[in-house]
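Trainee: Please see the structure below; I have some questions.
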Amino acid sequence: YTCFSQVRIHTLPREGIPLNTGWRFISGDNLGYADPDYNDTQWQNINPALDIHEIPQLWKNSIVWFRLHFTVDSSIIDELAMIVEQSGASEIYINGQLIKKFGTVSNNVNGIRAYEPSGKPFHVSILNDRQNIIAFRYALQPGITYSLHINRLNPVFRIRINNLDYAIQKYNDENISSATSNVFRIGVFLIFLILHLAFYLYYPAQKANLYFSLYALLALCFEISQFNTSHFIAHLYNGLFFQFAAFHISYLVLLTALYELLNKKRGKVYWALVILVTSELLIDRFTYRFGDFIQVYILSNLVTLEIARISYSALKNGQRGAWIIATGATSFLIFWAIFVCGRYFHFQYRPLGHVYGYGDLLSNLALLSLPVATSVYLGLDFAFTNTVLQNKLVEVEMLSRKNLAQEKEKQQILASQKELLDRQVTTRTAELKRSLENLKSTQSQLIQSEKMASLGELTAGIAHEIQNPLNFVNNFSEVNNELIEELENELKSNNNDEAILIAKDIKENEQKINHHGRRAGAIVKNMLQHSRSSGATRELTDINRFADEYLRLSYHGLRAKDKSFNAEIKTDFDKTIDKINIVPQDIGRVLLNLINNAFYAVNEKLRAQSSQLTADYNPLVSVQTRKINNEVQIRVSDNGNGIPQKILDKIFQPFFTTKPTGQGTGLGLSLAYDIVKAHGGEIKVETKEGEGCEFIIQLPTKGIEA
């Protein structure tokens, strides 16, 4: 109790007396504050057991002082101990004498080192029945990320007075108890790690063993990290962060192992927990109380409840061995609930033995229930699999003996049928030869059909080219007939002047008829030169004029079939290219085939665009020639739909076509490929699906005439 700001200790209970009241506080540093005769009546009253964040003066990077006046009755024994818990660095003075330093208190903020004595008792000499002064010189170390992993709060400091012998004995018992539990769990998790890693290496198909061994490794790291003996708070809290990160990740891995073990699909709940664990680690690192709230009250409980849920779901569905996991989950929930309740009612602090308490027993039972149940399940599953494999082995041996007997019987049957099979093979071979001859004949017919199709395309183009001058010839012939009749009438009427004018018109029309007749004759002559049979004889050919003619022939041929079709034609010819030695009919067939395909591609895209009521597409086919080093390059390009990548390596194969049935033999590009190769050249294709295609013919310039 307090009286005039002085604490009087007249009894000493078994658990000691906390000194959390009657303290006075001031900011600033003065070693005179430790003097027992110093007048501190103007100092601020304070409770040092408050959380460090509740006293703003501590965060100004300055030294502060605390003082307490107290007396001890002479009835209390002289051998007293002081137990200190703190969150900063301190120097402790009793009656003006420095008796203890925890960490480093310095006016240089970079020299401050916070220290947590972890409740280790130390002896103090106190005057009985006289006023005693405890003075704390105290500072917080800047830059430390505090968390709430150890206590519910991080107090400035807590002091407890107790009997020295009892305090030392209790401290040792608690440390031995904690170490005993840790060593026990380390042994268990080490066994789990070795056992299930061996199971996985022996039987990799069961991935649950891999996840469980990973869980055991993380749990092992968590337990080993608890032996961190550093009392410096900067190291302590960093270690605690990684320690609890390993704990939560290990339980997430355990949940993953159970999903794999029970053949559960990882749905939204699982991934929500993964995100929550990841978020909690970040929140806990960069916040003070919110991360601990999520960790203690939400995260661990949610993961545990999900483990219990999938266990009971598997049990409800009658899954083999699911009752083992469900039992472990139930045991975990029961023992963990008792442990958490005992934390608030101090039940777990009651001793079960000399150094072992109920809290140690309950925490071990809770933490090991699920791992033990999972390990038992995996062991039984492994044993079950092994038994099944042994049974299968027996069945295989029986089947092997049966198959051996059947094999002998088959050998006898095969021996009797061998002669028959030989005769059948001879007959089938003869049939295959006939089929092969028919196939070759059919192939020749298809190739001829492709040539005739190309000839048809060429003929359609020639007909369209000739049609224009023939129309002029016919029209002017009809006009001349009419003029001749008028001329006869004028002559009968002796109108010579008018007759002379009509005669002049007839003469001019005859000149036009002659001009267009010669034009048609030139077209026929050129086409005959390109199409006449020359026995594959090479001729010097103007490749630019050759490509231009076949471009026009192809276009007019398509227009002859479909009057509604229109496309833009572009040419870009290299004037420096001289005549080259080629087989005109063959190269003409290649060009006609490629240009026909280009017009077909843009026409198909135009129809598709029209069906979608869009008018932003303009069909375009272009032919370009270039002389590059020792090669002549001919490029035929279009802005159609292009060729899909998945069929790009098939387009030069015989009989492969993307056109509808009846519209193509699939031999055009194959023949073009063979013709170009026969000329010592190469044909390539560049395409981008949805945007267009470009075929590139490269012919050697050997034999170019200067």
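The values are calculated or read from the model by the stated rules, or taken from the named source; none is laboratory data. Note that the structure is a prediction, hence the values are computed from the model and not measured. FYI the Cβ positions are ideal-geometry reconstructions off the backbone, even for glycines, and counts take in every protein chain you see. Calculation scope for accessible area: heavy atoms of the full protein, side chains included, ligands and nucleic acids excluded. Shrake-Rupley method; radii C 1.70, N 1.55, O 1.52, S 1.80 Å.
Trainee: Just checking, which of Phe546, Phe655 is closer than 18 Å to Ile675 by Cβ, modelled with pLDDT under 90 and exposed (fewer than 13 other Cβ atoms within 10 Å of the Cβ)?
Mentor: On the way: Phe546 fails: exposed (fewer than 13 other Cβ atoms within 10 Å of the Cβ).
Only one candidate qualifies: Phe655.
Trainee: Okay, moving on. Under the condition of being exposed (fewer than 12 other Cβ atoms within 10 Å of the Cβ) and among the aliphatic types (A, V, I, L, M), which residue from region 195-210 is farthest from Asn263 (Cα to Cα)? Spell out the reasoning first.
Mentor: Of all residues in region 195-210, those exposed (fewer than 12 other Cβ atoms within 10 Å of the Cβ) come to 201-202, 204-205.
When the remaining residues are screened for being among the aliphatic types (A, V, I, L, M), the result is 201, 205.
Values: Leu201: 20, Ala205: 13 Å.
Ranking the candidates gives Leu201 first.
Trainee: Can you confirm whether Ala216 is in contact with an Asp or Glu (Cβ under 9 Å, 6 or more places away or on another chain), among the aliphatic types (A, V, I, L, M), open to solvent by less than 30 Å² (accessible area, probe 1.4 Å) and under 19 Å from Leu255 (Cα atoms)? Before the answer, list the steps.
Mentor: Working: in contact with an Asp or Glu (Cβ under 9 Å, 6 or more places away or on another chain): no; among the aliphatic types (A, V, I, L, M): yes; open to solvent by less than 30 Å² (accessible area, probe 1.4 Å): yes; under 19 Å from Leu255 (Cα atoms): yes.
When the stated conditions are applied, Ala216 does not pass them.
Trainee: Gln42 versus (1) in a loop (DSSP other than H, G, I, E, B); (2) modelled with pLDDT of 90 or more; (3) surrounded by 13 or more Cβ atoms within 10 Å (Cβ to Cβ): which is the lone unmet condition?
Mentor: Just one mismatch for Gln42, condition (3).
Trainee: Just a yes or no: is a residue in region 58-69 open to solvent by 70 Å² or more (accessible area, probe 1.4 Å), more than 19 Å from Asp129 (Cα to Cα), at pLDDT 85 or above and touching a strand residue (DSSP E or B) at 6+ places or on another chain (Cβ under 9 Å)?
Mentor: Checked against the condition, which is being open to solvent by 70 Å² or more (accessible area, probe 1.4 Å), more than 19 Å from Asp129 (Cα to Cα), at pLDDT 85 or above and touching a strand residue (DSSP E or B) at 6+ places or on another chain (Cβ under 9 Å), region 58-69 yields no hits at all.
Trainee: Condition (residue is buried (at least 19 other Cβ atoms within 10 Å of the Cβ), of a type in the set (Phe, Trp, Tyr) and in contact with an Asp or Glu (Cβ under 9 Å, 6 or more places away or on another chain)) applied to region 563-583: is it met by at least one residue?
Mentor: no
Trainee: Looking at (1) open to solvent by 50 Å² or more (accessible area, probe 1.4 Å); (2) farther than 19 Å from Ile94 by Cα; (3) part of a loop (DSSP other than H, G, I, E, B), which one does His53 not meet, given that it meets all the others?
Mentor: (3)
Trainee: Which of the helices (runs of 4 or more DSSP H) contained wholly in region 256-359 include at least 3 residues that are open to solvent by less than 30 Å² (accessible area, probe 1.4 Å), of a type in the set (D, E, K, R) and at pLDDT below 75?
Mentor: No helices (runs of 4 or more DSSP H) qualify here.
Every residue, every condition in (1) out of contact with any Leu (no Cβ under 7 Å at 6 or more places or on another chain); (2) more than 23 Å from Leu368 (Cα to Cα), yes or no:
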site: Leu201; (1), (2): yes, yes
site: Ser213; (1), (2): no, no
site: Ile233; (1), (2): yes, yes
site: Phe242; (1), (2): yes, no
site: Tyr251; (1), (2): yes, no
site: Lys268; (1), (2): yes, yes
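Trainee: Moving on to the next point. Could you give me the residue pairs with C-beta distances under 6 Å whose first residue belongs to region 26-38 and is open to solvent by 60 Å² or more (accessible area, probe 1.4 Å), whose second residue is modelled with pLDDT under 90 wherever it lies, and which are 6+ apart or on separate chains?
Mentor: none
Trainee: How about region 156-165: which of its residues are open to solvent by 30 Å² or more (accessible area, probe 1.4 Å) and not in a helix (DSSP H, G or I)?
Mentor: Arg158, Arg160, Asn163
Trainee: Identify all residues within region 1-39 that are polar (S, T, N, Q), part of a loop (DSSP other than H, G, I, E, B) and either touching a strand residue (DSSP E or B) at 6+ places or on another chain (Cβ under 7 Å) or farther than 30 Å from Asp165 by Cβ (or both); write none if there are none.
Mentor: Of all residues in region 1-39, those polar (S, T, N, Q) come to 2, 5-6, 11, 20-21, 27, 30, 39.
Restricting the remaining residues to those that are part of a loop (DSSP other than H, G, I, E, B) gives 5, 11, 20-21, 30, 39.
Passing the criteria: Ser5, Asn20, Thr21, Asn30, Asn39.
Trainee: Next up: Filtering region 86-145 down to residues that are open to solvent by 40 Å² or more (accessible area, probe 1.4 Å) and of a type in the set (D, E, K, R), which residue is farthest from Val64 (Cα to Cα)?
Mentor: Checking each candidate, the answer is Asp129.
Trainee: Can Ile462 be described as at pLDDT below 80 and within 57 Å of the chain's Cα centre (by Cα)? Break it down stepwise before answering.
Mentor: Working: at pLDDT below 80: yes; within 57 Å of the chain's Cα centre (by Cα): no.
Against the criterion (at pLDDT below 80 and within 57 Å of the chain's Cα centre (by Cα)), Ile462 does not qualify.
Trainee: Yes or no: Asp586 in a loop (DSSP other than H, G, I, E, B) and either charged (D, E, K, R) or open to solvent by 20 Å² or more (accessible area, probe 1.4 Å) (or both)?
Mentor: Taking the combined requirement at face value, the residue does not satisfy it.
Trainee: So in region 166-194, with the set limited to residues that are closer than 18 Å to Leu367 by Cβ and open to solvent by 80 Å² or more (accessible area, probe 1.4 Å), which one is modelled with the lowest pLDDT?
Mentor: Step one: filter region 166-194 for residues closer than 18 Å to Leu367 by Cβ, giving 177-193.
Those left that are additionally open to solvent by 80 Å² or more (accessible area, probe 1.4 Å): 183-184, 191.
Working: Val183: 83, Phe184: 79, Ile191: 84.
Out of the qualifying residues, it is Phe184.
Trainee: Something else now. For Asp649, indicate whether it is modelled with pLDDT under 90 and among the acidic types (Asp, Glu).
Mentor: On the way: modelled with pLDDT under 90: yes; among the acidic types (Asp, Glu): yes.
In short, yes.
Trainee: Suppose the filter is open to solvent by 30 Å² or more (accessible area, probe 1.4 Å), under 26 Å from Ile144 (Cβ atoms), assigned to a loop (DSSP other than H, G, I, E, B) and not β-branched (Val, Ile, Thr); does Ser75 pass it? Please lay out each step first, then the result.
Mentor: Numbers: open to solvent by 30 Å² or more (accessible area, probe 1.4 Å): yes; under 26 Å from Ile144 (Cβ atoms): no; assigned to a loop (DSSP other than H, G, I, E, B): yes; not β-branched (Val, Ile, Thr): yes.
No; evaluated as a whole, the condition is false for this residue.
Trainee: Still on this structure, I have one more. Under 57 Å from the mean Cα position of the chain (by Cα), closer than 20 Å to Val109 by Cβ and aliphatic (A, V, I, L, M): is that true of Ile26 in this structure?
Mentor: Working: under 57 Å from the mean Cα position of the chain (by Cα): no; closer than 20 Å to Val109 by Cβ: yes; aliphatic (A, V, I, L, M): yes.
No; evaluated as a whole, the condition is false for this residue.
Residue by residue, here is whether (1) modelled with pLDDT of 75 or more; (2) open to solvent by 80 Å² or more (accessible area, probe 1.4 Å) holds:
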| residue | (1), (2) |
| --- | --- |
| Tyr377 | yes, no |
| Glu397 | yes, yes |
| Gln406 | yes, no |
| Lys418 | yes, yes |
| Arg423 | yes, yes |
| Thr427 | yes, no |
| Arg434 | yes, yes |
| Lys440 | no, yes |
| Gln467 | no, yes |
